[in-house]
1. Computed from the coordinates I sent, Kirkwood radius over Cα pairs in Å equals one of (1) 15.4; (2) 17.2; (3) 24.6. Tell me the label.
2. Using the 2.2 N^0.38 Å rule of thumb for compact globular proteins, work out how the stretch 22-80 stacks up: its C-alpha Rg over that value, please.
3. Ignoring ligands, DNA and RNA, what percent of the 1.4 Å accessible area of the chain is carbon and sulfur?
4. What spacing in nm lies between the two simple spin-label points modelled at TYR131 and PHE25, each 7 Å away from Cα in the Cβ direction?
5. Gaussian network model of the chain, Cα springs within a sub-10 Å range: biggest mean-square fluctuation belongs to which of VAL110, VAL26, VAL12?
6. With every protein chain present, what is the per residue accessible area of the chain (1.4 Å probe, Å²)?
7. Please identify the helices of the chain, taking whole runs of DSSP H, that span at least 24 Å along their own axis as judged from the Cα atoms and have a mean Kyte-Doolittle score of -1.0 or higher.
Amino acid sequence: MMGIEIFLIIGVLTLILLVIVSLAFVLIKRLEQRLDGMKKRLSEQETSVLSLRGAVSALYDDAQQVTRRQNRIEQQLRQIGDQQEQLLLRDPDTGPYRQAMHLAKKGASVEDLVTTCGLNRGEAELLLSLYRTKTTPPNDAAEE
């Protein structure tokens with residue numbers, strides 16, 4: 001009897017071992033499938049990251065081009081502003097010459113024109129000689 005009981009115990013243990021091994025194989029198979037799925041997602045994410053890096057690099061390059069273009073435009077605007085200022089200074093109907101002519105007609109002195117209008121002394125004297133009214137005595141007669 002004891003031989004049969006041992007045989008039964010060994011049979012039951014073998015059956016339990018087979019069930020455990022079968023479950024282990026099923027679990028391993030599922031884990032392998034999950035691992036394969038994770039590998040696939042990782043590969044897709046790596047591809048996405050590379051694509052995003054390319055897009056960011058392109059945006060950075062574009063931003064640098066825009067910055068360079070903006071700097072060139074700002075420089076051109078400054079040059080245009082300087083040129084416009086020079087033209088206004090040369091045009092007798094606008095800018096400081098118009099104000100200087102007006103002040104000269106009102107009897108301003110050479111110093112007034114130099115200080116107020118930003119003219120040099122020679123320009124101020126010329127404008128005064130051209131536009132000072134004959135009846136207005138010069139304010140800077142003591143200077144001359």
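The values are calculated or read from the model by the stated rules, or taken from the named source; none is laboratory data. If you're wondering where the values come from, they're calculated on a predicted model, not measured in any experiment. We place every Cβ from the backbone using ideal geometry, glycine too, and count neighbours over all the protein chains shown. To get the accessible areas, we keep the full protein, side chains included, count just its heavy atoms, and leave off ligands, DNA and RNA. Shrake-Rupley method; radii C 1.70, N 1.55, O 1.52, S 1.80 Å.
1. Here Kirkwood radius over Cα pairs in Å agrees with entry (3).
2. The value comes to 2.43.
3. 62 percent
4. 10.9 nm
5. Maximum among the listed residues: VAL12.
6. Per residue, the chain has 83 Å² of solvent-accessible surface.
7. Qualifying helices: 2-90.
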